[in-house]
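As structure tokens, the structure follows; a few thoughts come after it.
Bear in mind that the values in this text are calculations on the coordinates, not laboratory data. All figures in this text were calculated on a predicted structure; none of them were measured in a lab. In this analysis, Cβ positions are derived from the backbone assuming ideal geometry, glycine residues included, and neighbour counts consider all displayed protein chains.
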Amino acid sequence: MRERWEKLGAACLASIFLAVVLTGCGGGDSKPATNPGELKKVKIGYSGGTCEAPVFTALEKGFLKEEGLDAELVKGDFDNNKNSLATGKLDAVNGLVMSWIKPLEQGLDAKFTTGIHTGCNYVLVPANSTIKTAQDFKGKRVGVDAMGGSPMMVLARELVNNGVDYKNDVQWRVFPKTELEAAYDKGEIDAIAVGEPFGTMWRKKTDKFTVLIDTAKTPPYKDEYCCLLLVSGKLIKQDEPTAAAITRAVMKGALYVKDHPQEIGQLLVEKKYVGGTAELNGEILSQFNYVPSVDGGEKAVQSTAVEARKVQFLDPATDPDVLAKQIFVRLKGVQ
């Protein structure tokens, strides 16, 4: 009898050992189970703009942690963020849909998951300018901080939709953002297309500038989400719950910004996420419509694809409807 039990015990131990070995030698793609209560590490990119406040707020107010995430914010310029997203070094970024649509058309593996807010861009002309309509831009020089940037594309869209050839009828001159006003003062440009915080700073100089377009207030731009959350395609495919958790946290951050713009303006400056004063940043945040929307984000991607194709920003062979469906996703658990 004893011999029988010893044999049975040995067989059980062998079975347990085999099970452990097989578990430890599973496929290379399998991941260790997450311990209960353990936070999932994620990296979110940012460039240091005031409009990225929902991302900063999601971290500082604990919304990312509430979603089970241990988030690290990584600062970089557009190209760095694009490359890091493409190589899996970033899980998400908050960005302008017009800026990201070209890389996405070219194959960047990422998808928009929600709209964050409206606003961001201005077109300013001299206070005593004869430029009143799109037609008046013919033969004029417009200062921008980047060719193909979001401010330029806003004006290009306005021009094309009003029968002006933005490539041949207008001269585009590139200056660093901080030098655009000086270029205007020297008479080197006749108008400026610019984002924040310069738009808000310069629109206050009513003796110098008149606001022709303010995308937070001017139709049809005021109803279109300009900034969306962009999430790594790899993360969406391999771990959709985490992609959804990031999205929900940033949406919570956006709603908090809507209700507390001055507080968040102060926080952004104190934590050195952005430059400028707390008052200026709070004012900028109060002008944007921080009501996050999956529906609004999807519509923004659809309309931007159509308009980007119209201004020849996208390849002529690109079908904007097909592209829009490819680069936006509705995640489970995100509304």
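Return one number: the angle in degrees, 0 to 90 and rounded to the nearest 10, between the long axis of the Cα atoms of helix 240-259 and the longest principal axis of the Cα atoms of the chain.
Here the helix axis deviates by roughly 40 degrees.
When a footprinting reagent is the concern and you count Cβ atoms within 10 Å, what order do Thr206, Thr242 take, fewest first?
Ranking Thr206, Thr242 by Cβ neighbours within 10 Å, fewest first, gives Thr206, Thr242.
Can you tell me the 0 to 90 degree angle between the C-alpha axis of helix 150-160 and the longest principal axis of the chain, rounded to 10?
Rounded to the nearest ten degrees, it is 50.
Could you check what % of the DSSP bridge pairs in the range 121-214 are antiparallel, to the nearest 5?
Antiparallel bridges: around 60 percent, rounded to the nearest 5.
Which whole-Hz ³J(HN,Hα) couplings does the range 101-112 yield from phi under the Karplus relation 6.51 cos²θ - 1.76 cosθ + 1.60, θ = phi - 60°, glycine and proline marked x?
5, 5, x, 5, 4, 7, x, 4, 7, 7, 9, 6
What's the ranking of 272-280, 40-48 by average number of surrounding C-beta atoms within 10 Å, highest first?
40-48, 272-280
Give the long-range amide H neighbours of Phe328: residues separated by 5 or more places, or on another chain, with amide H under 5 Å away, using H modelled in the peptide plane at 1.01 Å from N.
Here the answer is Phe112, since their amide H atoms fall under 5 Å of that of Phe328.
Just to check I understand the Karplus step: with θ = phi - 60° and J = 6.51 cos²θ - 1.76 cosθ + 1.60, what whole-Hz values come out for the range 82-99, glycine and proline as x?
4, 5, 5, 5, 5, 9, x, 7, 10, 9, 6, 9, 9, x, 6, 4, 5, 6
Of all GluC sites (Glu not before Pro) in the range 166-250, which ones are in loop regions per DSSP and have a Cβ with at most 15 other Cβ atoms within 10 Å?
Sparse-neighbourhood loop GluC sites (Glu not before Pro): Glu188.
Would you order Lys217, Lys234 from fewest to most other beta-carbon atoms within 10 Å of each residue's own beta-carbon?
Lowest to highest Cβ neighbour count: Lys217, Lys234.
Output wanted: per-residue J couplings in Hz (rounded whole) for the range 41-50, from phi through Karplus 6.51 cos²θ - 1.76 cosθ + 1.60, θ = phi - 60°, x for Gly and Pro.
Taking θ as phi minus 60°, the curve returns 7, 9, 10, 10, x, 8, 10, x, x, 4 Hz for the range 41-50.
Normalise the Cα radius of gyration of the range 121-214 by 2.2 N^0.38 Å (N = residues in it) and let me know the number.
Ratio of Rg to 2.2 N^0.38 Å for the range 121-214: 0.95.
Mind ranking 192-201, 57-66 by how tightly packed they are, going by the mean number of other C-beta atoms within 10 angstrom, highest first?
Put in order of decreasing packing, that is 192-201, 57-66.
Which of Leu73, Leu104 has the fewest other C-beta atoms within 10 Å, and how do the rest follow up to the most?
Leu73, Leu104
Please determine, in degrees from 0 to 90 and to the nearest 10, the orientation of helix 294-310 with respect to the longest principal axis defined by the Cα atoms of the chain, where the helix direction is its Cα long axis.
50
Quick check on the chain: of the DSSP beta bridges with both residues there, what percent are antiparallel, nearest 5%?
60
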